[in-house]
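The values are calculated or read from the model by the stated rules, or taken from the named source; none is laboratory data. Predicted, not measured: the structure shown is a model, and the values here were computed from it. Glycine gets a Cβ as well: all are built from the backbone with ideal geometry, and neighbour counts include every protein chain shown. Only protein heavy atoms, including side chains, enter the accessible area calculation; ligands, DNA and RNA are left aside. Shrake-Rupley method; radii C 1.70, N 1.55, O 1.52, S 1.80 Å.
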Amino acid sequence: MTQTHSATSRSTAIPYVSWVHKPLAASGIAWRRRYQFSLLATDSVLVIGILLLTVNLVTLDQNVRHITNVLALGGAIAAAWMVMMVLFRTRDPRIVGTGASEYKKVIRASTATFAATAVVVVLLDLEHFRSLLVVAFPAGTVLLLCARWLWRQWLIRQSHLGHYLSKVVVVGRAADVRYVTAQLEKKSGAAYAVVGVVYEGKGDAVALHAGRRVPVVNGLRRIEDLVLQTGADSVIVAGHLRKGSAYIRELGWRLERTSTELVLASTLTNVAGPRITMRPVEGLPLMHVELPQFTGGRHVLKRMMDIVVSSGVLLLLAPLFLVMTVLIRRDTPGPAIFTQERAGKASAAFAMFKFRSMVTTAEEELELLREQNEGSGVLFKMREDPRVTRVGRFIRRYSLDELPQMWNVLRGDMSLVGPRPPLLSEVSGYEQHTHRRLLIKPGLTGLWQVSGRSDLDWDESVRLDLWYVENWSVIGDLIIMWRTFKVVFTSAGAY
């Protein structure tokens, strides 16, 4: 199979070549379909099982006719639930296995089914069926989410063995390619394996991904050859190509003949991804970026969640607080609680509380350690900070020193999830765009916490915070809190 690429480079016309589509088994389509079928089977078993169990509870001591009616309604609900799971694209191969979208879609599909069923029950005055709604949907939604999480853990384990990965070739300028491949290696989870790199101009002689070498091509004329050589399922275009949008369109046509997907990694999505919608107007695709919302109902709901969770945690962990207070005071002289001024929403200063993990003279000794700073940007970090106490090293490892900030959350200075609370001295050194981190309340945890904590460089920390500020959601907050528990127990990036 051959193709002359020089014609393409000299002209916008693409000569037709009788490309043979890649066999299904040679691409990622086969394993995606098997995985989707496994999700479908699991969803079906859970939905039918929870409804049968609920029907059994509802129909205790009821007559046969009523049992028949409830069974009929239960079957209709199960069918509607599964249809909603399809309509909300909960098993879309583009979202399963990575990110929060999969969980959000499952919740939305379940909520839509619950709302539609509730309307029917109220309109038909089906009083005996209300308990079916109250029990079945919360329990079913939780089970569906748990099942998706378990499948995802299995998929991630498989990906570590090199299985069930979408093979991709990354195309673009050298800097853009390096950034995209680095992000895929760090963040994609059970998603992509880079198997080749194509530089639009000249790039590195050798490209590495996940500790292994991948084929490198300089120039765009040999993209299809590299795709066929590596068996790639997708081509990711990193950033903007000098050849422009016309070339992207033509590349999509060429890749179509090899059953290879074209993925565009736009730098705009780093900030506004979830707020982007496409609206075609007479064949012209317009990309709409919704304005971020910094007030409104979602923020009220967020505040309610902050109050409920923080008050509950403070009550439940009161004995632990007492024990930690005793340990800290016995370890080194000084108070157990350390208070520090931080910048909150709109740069308003507030007193942030932490369990003291350093000696009481830590602030005075800071200047003596400036030259040993291992942090980036305006942050000061040291892996082996001599100011940290023995107990402090332990509580820092598992983020126990942060627990008193639950009081800040209850007071309204902070939120459970948000950007990292900065020092006032850090804010004075911010670039103009970095001040957008202060448009909402800082958080006890956030994307920075679950993405590496102190291991993050300054630019990456800012990027994550800006993304969160403009794109946060309540469901996303719940997922971040769940991920925080896992990060805390592994103590990754904590020092």
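Annotations for the structure displayed:
- Simple label model, 7 Å out from Cα along Cβ direction - Val216 to Val86, nm: 4.8
- Distance from the range 332-372 to the range 103-177 (C-alpha centre basis), Å: 42
- Solvent-accessible area of the range 417-491 (1.4 angstrom probe, protein heavy atoms only): carbon and sulfur portion equals 63 percent.
- Cut-off under 5 Å, modelled amide H: who pairs with Ser415 long-range: Gly443, Leu444
- Solvent exposure, largest accessible area first (probe 1.4 Å, DNA, RNA and ligands not counted), of Met382, Met84: Met84, Met382
- Simple spin-label estimate for Ala318 and Ser425 in nanometres, 7 Å along Cα-Cβ: 3.8
- Rolling a 1.4 Å probe over the heavy atoms of the protein chains gives the range 232-351 an accessible area of 60 Å² per residue.
- Zone of Asn69's modelled label, taken as backbone nitrogen in the range 123-167 under 18 Å from a point 7 Å along Cα→Cβ: 123-134
- Per residue accessible area of the range 72-145, 1.4 Å probe, in Å²: 49
- The Cα center of the range 224-261 and the Cα center of the range 390-440 differ in position by 43 Å.
- The range 387-480: relative contact order in percent, alpha carbon pairs under 8 Å with at least 6 residues between: 29
- Surface composition of the range 78-188: carbon plus sulfur atoms contribute 66% of the solvent-accessible area (1.4 Å probe, protein chains only, all chains present).
- Coupling constants for the range 104-119 follow from the phi torsions by the Karplus curve (6.51 cos²θ - 1.76 cosθ + 1.60, θ = phi - 60°), and in residue order they are 4, 5, 4, 5, 5, 5, 5, 5, 5, 5, 4, 5, 5, 5, 4, 4 Hz; glycine and proline get x.
- Each label was represented as a point 7 Å from its Cα along the Cα-to-Cβ direction; for Val142 and Val300 these points are 2.7 nm apart.
- Average accessible surface area per residue within the range 390-453, 1.4 Å rolling probe, Å²: 40
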